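Here the structure comes first, spelled out in structure tokens, and everything after it is commentary.
The values are calculated or read from the model by the stated rules, or taken from the named source; none is laboratory data. Bear in mind that the values here come from a model prediction, so they are computed numbers and not experimental data. Every residue, glycine among them, receives a Cβ derived from its backbone with ideal geometry; neighbour counts consider all protein chains shown.
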Amino acid sequence: MGFGYDGPAMAEETDKPNDILELAPETRLPEEEKTGFFGKLKRGLFMTHAEIIEKVSDAMKDKVTLDDRTIEYLEETLIGADMGVETSLELVERVKKNALKEQTTSAAKLRKLLSDEVADLLAEMPRPRPLGRGPTLTLVVGVNGVGKTTSIAKLAKRHLQQRERVMLAAGDTFRAAAIEQLALWGERLGVEVIRQGQGADPGAVIYDAIHAAKARKIDQLIIDTAGRLHTKDHLMAELSKVRRVIDREAPDWQKRTILVLDATTGQNALAQARTFKQVVPIDGVLLAKIDGTAKGGMVVAIARELKLPVLYLGVGEKPDDLVDFRPREFAAALVG
């Protein structure tokens, strides 16, 4: 599978400005619900939440028991929210079993069952590898257009808020725009960005960044990588070279690799993740752009089908619009 995708969805690295959802006045979230962890999560999942709630309510209208048509409708709803076919069928089977046991008679009870099953399913997935003390190097991978650079800025802002010293490295030297965009984010955040010109050796950029980070006693070094490589072999060769430089120059540092995926691309995001898993060890996923779409169920599909820990959710365009992934809170915001 290649990574030379040039379609319209991947044309720009930046996200579209949709921080405040353009909804009808009566469906907009109250202002006080837009701030704080759960408020941001609810805002990001609002479109998915509203669609699932509406369809579950329609499915149970004037009914006191679950019938085959209701079950089929629920499957369609979850698949439409991008939970994936296998995940949706498993969830519906779990819900059906418990609904019959508890004699579910309303949409509210059905939603509660669905929320519990989503949370239980997510809780079964692998947990993130814990990081110890000391300087940390985060390698950020993903194809162009998924919101990778913006996600790096959000990670940087999070570490800055924790009073850590942060440095960025522009390892995507294939695109001048990627270097410029990361430099702009560094300027906005007050963070140093180590970079060279377009076409430079990414390994050389990372070498410089590691030594600059050591000299400045940086706590968090976050490295961007190229996302437009034409074949899996090219991707593997480039990332392998980068990892050799990292292992040689920062042997005692903590290291992690985060894969950024775009929730709006649906099953294409799953395909990208499968390929990256074959190329480089992935420690966790940052799912960007779940705001403003009805595709928030992609989180569930990634966790169940790819057995990858979901670390963060991008729920808006601002640097602080990044929330930790917490299974029960996520399930409650999605369908609760």
Qualifying position, being surrounded by fewer than 21 Cβ atoms within 10 Å (Cβ to Cβ), over 30 Å from W253 (Cβ atoms) and free of Cβ contacts under 8 Å to residues at least 40 places away in the same chain, among D116, D120: D120
Among the residues listed as G284, G296, the single one being closer than 23 Å to L155 by Cα, buried (at least 21 other Cβ atoms within 10 Å of the Cβ) and not aliphatic (A, V, I, L, M): G296
Search result, residues across the range 80-110 that are surrounded by fewer than 20 Cβ atoms within 10 Å (Cβ to Cβ) and closer than 26 Å to V285 by Cβ: G80, V85, E86, L89, E90, E93, R94
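Only one of I218, I223, I210 is assigned to a strand (DSSP E or B), among the β-branched types (V, I, T) and within 19 Å of P135 (Cβ to Cβ). Can you tell me which? Before you say what the answer is, go through the steps one by one.
Working: I218 fails: assigned to a strand (DSSP E or B); I210 fails: assigned to a strand (DSSP E or B).
The conditions single out I223.
Can you find a residue in the range 184-204 that is polar (S, T, N, Q), buried (at least 19 other Cβ atoms within 10 Å of the Cβ) and assigned by TED's automatic domain parsing to the domain that holds T264?
Quick first cut of the range 184-204, residues polar (S, T, N, Q) only: 196, 198.
From what is left, the residues that are buried (at least 19 other Cβ atoms within 10 Å of the Cβ) are none.
Checked against the condition, which is being polar (S, T, N, Q), buried (at least 19 other Cβ atoms within 10 Å of the Cβ) and assigned by TED's automatic domain parsing to the domain that holds T264, the range 184-204 yields no hits at all.
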Filter result (more than 13 Å from the chain's Cα centre (by Cα) and either in the same structural domain as L110 (by TED's automatic domain parsing) or charged (D, E, K, R) (or both)) within the range 283-336: R304, E305, K307, E317, K318, D320, R328, E329
